[in-house]
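The values are calculated or read from the model by the stated rules, or taken from the named source; none is laboratory data. Just so it is clear, the model here is predicted, and its values are computed rather than measured. Don't worry about glycine lacking a Cβ; one is built from the backbone with ideal geometry, like all the others, and counts go over all protein chains shown. The area values use the complete protein model at the heavy-atom level, side chains included, leaving out ligands, DNA and RNA. Shrake-Rupley method; radii C 1.70, N 1.55, O 1.52, S 1.80 Å.
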Amino acid sequence: MTAGTGSAVGPPAPDEPPTTSAARDRPADRPFVVLGVAAGIAAYKAVEVCRRLVDAGVHVAPVMTERATRFVGRATFDALASEPVHLELWDDLSAIPHTRLGQRADAVVVAPATADLLARYAAGMADDLLTATLLATRAPVVVCPAMHTEMWEHPSVRHNLEVLGGRGVVVVPPETGRLAGGDEGAGRLAATEVIVDAVLGVLAGAGGSAGVAHGAGGSAGDLAGLGVLVSAGGTREPIDPVRYLTNRSSGKQGHALAEAAWRRGAEVTLVTTTDRPVPAGITRVRVDTAEEMAGAMLARADRADVIVMAAAVADFRPAAVSGSKLHKADGVPVLELEPTVDILAELGRRRRPGQVLVGFAAETDGVAERAAAKLAAKGVDLMVANDVSLPGVGFDHDTNAVTVLGADGSVVDIGLRPKPAVADAVFDRVAILVRRR
Ligand code: CTP
């Protein structure tokens, strides 16, 4: 879907004359989108988002936080949006706007979403019109975070995004680039067309992540034009309807890899066992078991230029799954296990010429030797090894430290850093291999 064409939602309609929100009803012929603007330097970019949505035939109702008006004047939105800015919980009391806007909306998009706004939304606060609208709506919500890198990488911001993602909120992650104050890093509001595509995607009923087709993370990125297939999370192997065998993988590193590839312009498919948020634009395939993951990965492998197996796949599963809950009274069950398919080894066997294959090895001892042995045995180009017995490394941490071993004999140490930064360092290695082919 291309931003600004209006193809998803019909031709532009003339703006309505300015009236009070109480007097307006939901436009019958156009989707109604609440555009929330929080207090960040990127608020000026929301003006362009507003204009593009209006051009695409959307009725845009802007809601600014009081502090957002310090970054961009409400008169700008008043002029460009489909109705005047809504600002205060106390405006227009007769229409009960704090619930009315959310109820009327077909979608709510917040751009920029600051760390503060995300925290208040995740906590269920409703202390201004924007958070009240977010709480009152049952429509799809798209949040577009923008903040300094340190804040973006802070565990509390990550946690709030996970909470929101778990509730079905679509997250359009920020780009890496120049930030306010001249710093470089992740945190810059996503490009206007990415945001507009995400909104048109949810309006088209595609449910967010699956609905926006192209890898819009950066069409000029170094992975532009490549298909990247990533697996993430720990598989779950059922014992009975209420129990399963699993491992400590959180999926954070795998999701960070998918996001990094997407930001760098790739068409990304993420096969994951978790419900973590993914950017609109990444195709998510949700699986549970090793068998499901094998099916999802092998079915898509042929089309991929790069495959990254970051998932922690169970090596064994119960040979028989009880159809009903096992009870203590029946005695201690004896679990017979059988091996699962080694997906990475199978991908190595089937790999087509030019395809880049990356594996992960989480170890607690003999890290380099074990990882090197797996690299050779599974026929991969890169093996990303980490020692999960070290503090801050591996499972469920927000940081990681890895060594990337290459089939060409290269060894690159990537010291302790946030998982998104590790993901970029891994794709730096991948990009070199892609260029060589
Ligand atoms: N892997 C896989 N399918 C499996 C097991 C592992 O695709 N059934 C992949 C993982 O996604 C990872 C790599 O193989 O990329 C190494 O996984 P790891 O668990 O470290 O190694 P194993 O081969 O399972 O060996 P072991 O558990 O004995 O260390």
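Taken together, the residues in region 318-335 that are among the charged types (D, E, K, R) and either modelled with pLDDT under 95 or touching a helix residue (DSSP H, G or I) at 6+ places or on another chain (Cβ under 8 Å) (or both) amount to 1. All of Val157, Val170, Val163 fail the test of being under 16 Å from the mean Cα position of the chain (by Cα) and surrounded by 23 or more Cβ atoms within 10 Å (Cβ to Cβ), apart from Val170. Which numbered condition in (1) open to solvent by less than 20 Å² (accessible area, probe 1.4 Å); (2) away from the ligand (no atom under 14 Å from the Cβ); (3) closer than 30 Å to Val242 by Cα; (4) of a type outside the set (A, V, I, L, M) is the only one that Asn400 fails? For Asn400, the failing item is (3). Considering the conditions (1) open to solvent by 10 Å² or more (accessible area, probe 1.4 Å); (2) under 14 Å from Val171 (Cβ atoms); (3) touching a Phe, Trp or Tyr at 6+ places or on another chain (Cβ under 6 Å), Arg284 is excluded by exactly one of them, (3). The single condition among (1) modelled with pLDDT under 90; (2) surrounded by 17 or more Cβ atoms within 10 Å (Cβ to Cβ) that Val142 does not satisfy is (1).
Would you confirm whether or not region 228-237 contains a residue that is touching a residue at least 12 places away in the same chain (Cβ under 8 Å), open to solvent by 10 Å² or more (accessible area, probe 1.4 Å) and not in a loop (DSSP other than H, G, I, E, B)? Checked region 228-237: no residue is touching a residue at least 12 places away in the same chain (Cβ under 8 Å), open to solvent by 10 Å² or more (accessible area, probe 1.4 Å) and not in a loop (DSSP other than H, G, I, E, B). Among the conditions (1) open to solvent by less than 10 Å² (accessible area, probe 1.4 Å); (2) over 14 Å from the mean Cα position of the chain (by Cα), the only one that Leu270 does not satisfy is (2). For the residues Asp315, Asp305, Asp288, the requirement of being of a type in the set (D, E, K, R), within 8 Å of the ligand (Cβ to nearest atom) and at pLDDT 95 or above singles out Asp315. If you go through region 319-341 and keep only what is within 28 Å of Gly295 (Cβ to Cβ), of a type in the set (A, V, I, L, M) and not in a loop (DSSP other than H, G, I, E, B), you end up with just Leu337.
Taking the conditions exactly as written (assigned by TED's automatic domain parsing to the domain that holds Ala423, open to solvent by 10 Å² or more (accessible area, probe 1.4 Å) and either more than 12 Å from the ligand (Cβ to nearest atom) or in contact with a strand residue (DSSP E or B) (Cβ under 7 Å, 6 or more places away or on another chain) (or both)), does Glu338 satisfy them or not? Taking the combined requirement at face value, the residue satisfies it. Is there a residue in region 311-326 that is under 25 Å from Ala371 (Cα atoms) and among the acidic types (Asp, Glu)? Yes, the conditions are met somewhere in region 311-326. All of (1) within 23 Å of Ala361 (Cα to Cα); (2) open to solvent by less than 70 Å² (accessible area, probe 1.4 Å) hold for Ala319 with one exception: (1). The residue of region 374-396 that is nearest to the chain's Cα centre (by Cα), among those that are open to solvent by 20 Å² or more (accessible area, probe 1.4 Å), more than 9 Å from the ligand (Cβ to nearest atom) and without any contact (Cβ under 8 Å) to a residue 60 or more places away in the chain, is Val388. Whenever a residue of region 348-369 is open to solvent by 20 Å² or more (accessible area, probe 1.4 Å), its partners that are of a type in the set (S, T, N, Q) and within 12 Å of the ligand (Cβ to nearest atom), lying with C-beta atoms within less than 7 angstrom and at least six residues away or across chains, give the pairs Ala362/Asn386.
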